Amino acid sequence: QKEVEQNSGPLSVPEGAIASLNCTYSDRGSQSFFWYRQYSGKSPELIMSIYSNGDKEDGRFTAQLNKASQYVSLLIRDSQPSDSATYLCAVNADTDKLIFGTGTRLQVFP
Amino acid sequence: EPEVTQTPSHQVTQMGQEVILRCVPISNHLYFYWYRQILGQKVEFLVSFYNNEISEKSEIFDDQFSVERPDGSNFTLKIRSTKLEDSAMYFCATTWDVSQPQHFGDGTRLSIL
C-alpha cells in the first residue's frame, strides 16, 4: 500500500514566522510531488509542484525534495493569518493518480 | 484563469437513489479524475479517465459507480444505489498531462439520508 505521511498538527506559528511542513512517502519510484492548500469545506488548491531533488521557490513558498530520504517539505516565509489552512502533500507514484496525506493543519496567529 | 466547474454544489438524496455528479473540465485538459473526501479524512482517489476510457479505478469504485463523458464537455460520476457511507465531498480534477498538476473543482457535497 503506497502511503503519504504527514503530521496532522495543528502547527501554530506567529505572524511573520516561517512555517515548516513535512511529508514522507513510501514509494521510492514516485516522480511528481505537490502541495495543496485546503481551507475548511473547500477544495484543494495547488500551491507548489516539485519534480527533482533540491529546492523550488515561488514567492513566500519553498518546496524541498529529497528522493533519497523520501521526504518533501514546504516552507512558508512571513506567514500570514490568511495562510491558516490544511496543507496536503500529494504524490504521483507509478500511475497518474494522486495519493494524498492526511494534511497538516496550520494556524498562524497575529 | 480557467476553472474546473462542478454541479451541483450540494446534493441531498435518499439512500438507494441514484445520483449524478457533473464536472466541466478545463477546455484543453485531457485527463480527468474523481476523488472523494469523507468529513475529517484524507482525499481518496476514485477513478481516472482518458480518451473515453477508465484508466484506473480504486477499490472504492465498485459496480455501483460509473463515469462517462456523454457530450464531449461534461464528465459525470454516477452512483446507482447510494449508501449512507457514500456521504462525502466529491472532487473532480483535470490536467492536460499526467506529469502536470491536477486542478480541482469546488466539489459536490453529497449527503445521503
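The values are calculated or read from the model by the stated rules, or taken from the named source; none is laboratory data. If you're wondering where the values come from, they're calculated on a predicted model, not measured in any experiment. Virtual Cβ from ideal backbone geometry, glycine too; neighbours counted across all protein chains shown. Keep in mind that these areas ignore ligands, DNA and RNA; they rest on the heavy atoms of the full protein, side chains included. Shrake-Rupley method; radii C 1.70, N 1.55, O 1.52, S 1.80 Å.
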Checklist entry - In region A:70-110, what count of residues is obtained for those that are open to solvent by 60 Å² or more (accessible area, probe 1.4 Å), in contact (Cβ under 8 Å) with a residue 40 or more places away in the chain and more than 14 Å from chain B (Cβ to nearest Cβ)? => result 6
Item to check | Number of the condition not met by B:Arg36 [criteria: (1) basic (Lys, Arg); (2) buried (at least 19 other Cβ atoms within 10 Å of the Cβ); (3) part of a loop (DSSP other than H, G, I, E, B)] | outcome: (3)
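Quick check on B:Ser27: is it open to solvent by 40 Å² or more (accessible area, probe 1.4 Å), among the hydroxyl-bearing types (Ser, Thr, Tyr) and outside any strand (DSSP E or B)? Working first, answer last.
Numbers: open to solvent by 40 Å² or more (accessible area, probe 1.4 Å): yes; among the hydroxyl-bearing types (Ser, Thr, Tyr): yes; outside any strand (DSSP E or B): yes.
Yes; evaluated as a whole, the condition is true for this residue.
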Next on the checklist: Only one of A:Thr95, A:Thr86 is polar (S, T, N, Q) and in a loop (DSSP other than H, G, I, E, B). Can you tell me which?
Outcome noted: A:Thr95
Checklist entry - Would a scan of region A:23-30 turn up a residue that is closer than 29 Å to B:Lys57 by Cβ, more than 14 Å from chain B (Cβ to nearest Cβ) and modelled with pLDDT of 95 or more? => result yes
Checklist entry - Of the conditions (1) assigned to a strand (DSSP E or B); (2) touching a helix residue (DSSP H, G or I) at 6+ places or on another chain (Cβ under 7 Å), B:Glu56 fails just one. Which one is it? => result (2)
Checklist entry - Which numbered condition trips up A:Ser30, out of (1) more than 19 Å from A:Thr95 (Cβ to Cβ); (2) of a type in the set (Gly, Ala, Ser); (3) touching a strand residue (DSSP E or B) at 6+ places or on another chain (Cβ under 9 Å); (4) assigned to a loop (DSSP other than H, G, I, E, B)? => result (1)
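If I go through region A:53-67 residue by residue, how many of them are out of contact with any strand residue (DSSP E or B) (no Cβ under 7 Å at 6 or more places or on another chain) and more than 16 Å from A:Val91 (Cα to Cα)?
Taking region A:53-67 first, the residues out of contact with any strand residue (DSSP E or B) (no Cβ under 7 Å at 6 or more places or on another chain) are A:57, A:59, A:66-67.
From what's left, more than 16 Å from A:Val91 (Cα to Cα): A:57, A:59.
Residues flagged as out of contact with any strand residue (DSSP E or B) (no Cβ under 7 Å at 6 or more places or on another chain) and more than 16 Å from A:Val91 (Cα to Cα) within region A:53-67 amount to 2.
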Checklist entry - Which one of the conditions (1) modelled with pLDDT of 95 or more; (2) under 26 Å from B:Phe45 (Cβ atoms); (3) not polar (S, T, N, Q); (4) not in a strand (DSSP E or B) does A:Tyr36 fail to meet, given that it meets all the rest? => result (4)
Checklist entry - What pairs can you find where one residue is in region B:50-63 and surrounded by 14 or more Cβ atoms within 10 Å (Cβ to Cβ), the other is polar (S, T, N, Q) and part of a loop (DSSP other than H, G, I, E, B), and their Cβ atoms are less than 8 Å apart, with a gap of 6+ or different chains? => result B:Ser55/A:Thr95; B:Glu56/A:Thr95
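Does A:Lys2 fit the bill of being within 26 Å of B:Thr94 (Cβ to Cβ), surrounded by fewer than 18 Cβ atoms within 10 Å (Cβ to Cβ) and modelled with pLDDT of 95 or more? I'd like the intermediate steps shown before the answer.
Values: within 26 Å of B:Thr94 (Cβ to Cβ): yes; surrounded by fewer than 18 Cβ atoms within 10 Å (Cβ to Cβ): yes; modelled with pLDDT of 95 or more: no.
So A:Lys2 does not fit the description; no.
Looking only at region A:39-61, how many residues end up being assigned to a strand (DSSP E or B) and either surrounded by 19 or more Cβ atoms within 10 Å (Cβ to Cβ) or of a type outside the set (Lys, Arg) (or both)?
Applying the first criterion (assigned to a strand (DSSP E or B)) to region A:39-61 yields A:45-50, A:54-58, A:61.
Applying the additional criterion that residues be either surrounded by 19 or more Cβ atoms within 10 Å (Cβ to Cβ) or of a type outside the set (Lys, Arg) (or both) yields A:45-50, A:54-55, A:57-58, A:61.
Adding up the residues that qualify gives 11.
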Checklist entry - Name the residues in region B:59-113 that are within 11 Å of chain A (Cβ to nearest Cβ), assigned to a strand (DSSP E or B) and out of contact with any Phe, Trp or Tyr (no Cβ under 7 Å at 6 or more places or on another chain), would you? => result B:Met89, B:His103, B:Arg109
Checklist entry - A:Lys97 fails exactly one of the following numbered conditions: (1) modelled with pLDDT of 95 or more; (2) of a type outside the set (Gly, Ala, Ser); (3) within 20 Å of B:Gln102 (Cα to Cα). What is the number of that condition? => result (1)
